[in-house]
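The values are calculated or read from the model by the stated rules, or taken from the named source; none is laboratory data. Everything numeric here is computed off the predicted structure, so don't read it as measured data. All Cβ positions, glycine included, derive from the backbone under ideal geometry; neighbour counts span all protein chains shown.
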């Protein structure tokens, strides 16, 4: 008898987990993903990364606007799933949906629960200066990321990690963790579910573009974290020498003195230093409005004469 699995996910982060499901020996009977959305300059409808991967693998794709409707639940039940795997799906699963699969629903979540429940755990971990993070395979329940954890894997957050690099590493780590869980489930081995700790709960609220505007009065350490966390989206930005720039690469340095925050205090061959509320932010890569990413030295060379630090 085959092990019937339904997958639910939407962004690129979920694709490695879908591939893990396909390679697990389970029969992936359907992939649920959000409806096609307008994207790009032409605002044409675009399929999600999960939809593209599912179609390429010949899997039936379902794109309901909501799972709250009875018709949507009946459609899911008709697939007779033993398990539903949910990875960054983006839709709420009501209790009636969680109860449909024989083994319930699993979620691959990119944090060490209960820290960073919610929508943006990868970026919040970097912003907070966490030394490590990880991925949890969780048995879903009605609360937001509150279910017991079946398996967990950890990874250090490197000082050079960006939102993008950590995203990719955790996506791969989550897929490997899911593969391990599926192998056990298909072999009828019971995974022990560990309840989440009552202490240490933190919520990773959805990113807002306004957060990416750097406030020079903040400490350089916090600004450097923001630059890393918001790469590749929404990208940190700030006014430097009267010009609004996107800041792609920067590092925090200690400093003595009382220069006003936001003032360029030193220019180097390939970078420049800006005073902050505490320390300096050494900026190495920027982007002008309407332009492309360039090295800080190229921006320095293009500045009008007379506007030197």
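A few remarks follow.
- For the condition assigned to a helix (DSSP H, G or I) and either assigned by TED's automatic domain parsing to the domain that holds residue 235 or under 30 Å from residue 27 (Cα atoms) (or both), residue 144 does not qualify.
- Checklist (1) assigned to a loop (DSSP other than H, G, I, E, B); (2) closer than 19 Å to residue 172 by Cβ applied to residue 126, failing item: (1)
- Strands (runs of 3 or more DSSP E) contained in the stretch 35-103 and holding at least 1 residues closer than 20 Å to residue 24 by Cβ and more than 22 Å from the chain's Cα centre (by Cα): 83-87
- Residue match in the stretch 147-165 (condition: assigned to a helix (DSSP H, G or I), closer than 22 Å to residue 90 by Cα and either in contact (Cβ under 8 Å) with a residue 60 or more places away in the chain or touching a strand residue (DSSP E or B) at 6+ places or on another chain (Cβ under 9 Å) (or both)): yes
- Count - residues of the stretch 6-28 that are in a helix (DSSP H, G or I), touching a helix residue (DSSP H, G or I) at 6+ places or on another chain (Cβ under 6 Å) and free of Cβ contacts under 8 Å to residues at least 40 places away in the same chain: 0
- Test result for residue 246, modelled with pLDDT of 95 or more and over 20 Å from residue 129 (Cβ atoms): yes
- Subset tally (residues that are part of a helix (DSSP H, G or I) and surrounded by 19 or more Cβ atoms within 10 Å (Cβ to Cβ)) for the stretch 180-216: 4
- Within the stretch 223-254, being closer than 21 Å to residue 278 by Cβ and either free of Cβ contacts under 8 Å to residues at least 12 places away in the same chain or surrounded by fewer than 17 Cβ atoms within 10 Å (Cβ to Cβ) (or both) holds for 239, 253, 254.
- Qualifying residue in the stretch 88-100 (condition: touching a helix residue (DSSP H, G or I) at 6+ places or on another chain (Cβ under 6 Å), closer than 16 Å to residue 146 by Cα and surrounded by 15 or more Cβ atoms within 10 Å (Cβ to Cβ)): yes
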